[in-house]
Amino acid sequence: MLDVVAAAFMDGWAFVREATCFYLVRPPYGLSTKVTVDESTVRSAVAKHGFTPEHAQFSTWHELLEFLRSRMVDAYRAAGASFPSDGVGADIIASLPAGELHLLLEEVQANLADGSGYGPAAEVAADVLASDAASTDADLRRRAHDLLSHARDLARKHNEARRALRRMIEPEAVRQCFPSAAQAHGPEDILSLGESIAARGTVLPLGAR
């Protein structure tokens, strides 16, 4: 039996218990990308990194991964359902009078209370700032600017938490995927090499032919 014990559904990340083992799974989903973790990592993710305790059981990995895909879509819809988006929102916002934009900002701010939905919130705030109504309403500009700053701060904290969790997990993932290289060079050196290759966009040294 597979048990989802903690998750951050908007990211698609989840910790899964199988018998006495714990795994982290994250997009792109696949059994080859799951990483063995300690139970202490799960506790830390819940206590410090925004994961919520869960209890969802599945008989197969296929069922579990389909569940995670579905919940990730649901989380995005829930975060953005009341917000215009995808370009259409900018046109709608541009046509609204200042009074309605104030109400919209109040609604968006309320949706940020649980710390999620900062992406759509930032889009709405930016669209309000670009509207004609904001150009003549100083209070509307201030509120939209404050909302944009708040949304960006939530995004920064979210990204910092994910980076901290990756730093805990990725050395073990390297040891599992490249045991010989990790033993010879250490997982930190291999991760540094991977970051260097990603930055160059090629496995060849710069200037190589």
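The values are calculated or read from the model by the stated rules, or taken from the named source; none is laboratory data. The structure presented is a predicted model; accordingly, all values stated were derived computationally and were not measured. Every residue, glycine among them, receives a Cβ derived from its backbone with ideal geometry; neighbour counts consider all protein chains shown.
Within the set of pairs 6 or more residues apart or between chains, which connect a residue that is farther than 13 Å from Gln109 by Cα inside the range 131-156 to a residue that is aromatic (Phe, Trp, Tyr) and at pLDDT below 90 with Cβ atoms less than 6 Å apart?
Short answer, once both residue conditions are applied: Ala155/Tyr118.
Answer yes or no: is there a residue in the range 157-179 that is more than 20 Å from Ile93 (Cα to Cα), assigned to a helix (DSSP H, G or I) and modelled with pLDDT of 80 or more. Talk me through it step by step, then tell me what you get.
Step one: list which residues in the range 157-179 are more than 20 Å from Ile93 (Cα to Cα), which gives 157-179.
With the extra rule that they be assigned to a helix (DSSP H, G or I), the set shrinks to 157-177, 179.
Subsequent filtering for residues that are modelled with pLDDT of 80 or more retains 157.
Checked the range 157-179: at least one residue is more than 20 Å from Ile93 (Cα to Cα), assigned to a helix (DSSP H, G or I) and modelled with pLDDT of 80 or more.
Being modelled with pLDDT under 85 and in contact with a strand residue (DSSP E or B) (Cβ under 9 Å, 6 or more places away or on another chain) is the filter here, so list the residues in the range 35-64 that pass it.
Result: Val35, Thr36, Val37, Asp38, Thr41, Ala45, His49, Gly50.
Is there a residue in the range 38-46 that is under 18 Å from Ala164 (Cα atoms), part of a strand (DSSP E or B) and out of contact with any Gly (no Cβ under 7 Å at 6 or more places or on another chain)? Spell out how you get there, then give the answer.
Looking only at the range 38-46, we keep the residues that are under 18 Å from Ala164 (Cα atoms), and these are 38-46.
Keeping just the survivors that are part of a strand (DSSP E or B) gives none.
No, that holds for no residue.
Out of Val73, Val16, Val37, Val46, I need the residue that is surrounded by fewer than 14 Cβ atoms within 10 Å (Cβ to Cβ), of a type outside the set (Ser, Thr, Tyr) and either touching a Phe, Trp or Tyr at 6+ places or on another chain (Cβ under 6 Å) or under 22 Å from Asn111 (Cα atoms) (or both). Which one? It would help to see each step written out before you state the result.
Details: Val16 fails: surrounded by fewer than 14 Cβ atoms within 10 Å (Cβ to Cβ); Val37 fails: surrounded by fewer than 14 Cβ atoms within 10 Å (Cβ to Cβ); Val46 fails: surrounded by fewer than 14 Cβ atoms within 10 Å (Cβ to Cβ).
Matching residue, one of Val73, Val16, Val37, Val46: Val73.
Ser32 - would you say it is farther than 25 Å from Ala113 by Cβ and at pLDDT 75 or above? Spell out the reasoning first.
Details: farther than 25 Å from Ala113 by Cβ: yes; at pLDDT 75 or above: no.
For Ser32, the condition - farther than 25 Å from Ala113 by Cβ and at pLDDT 75 or above - is not met.
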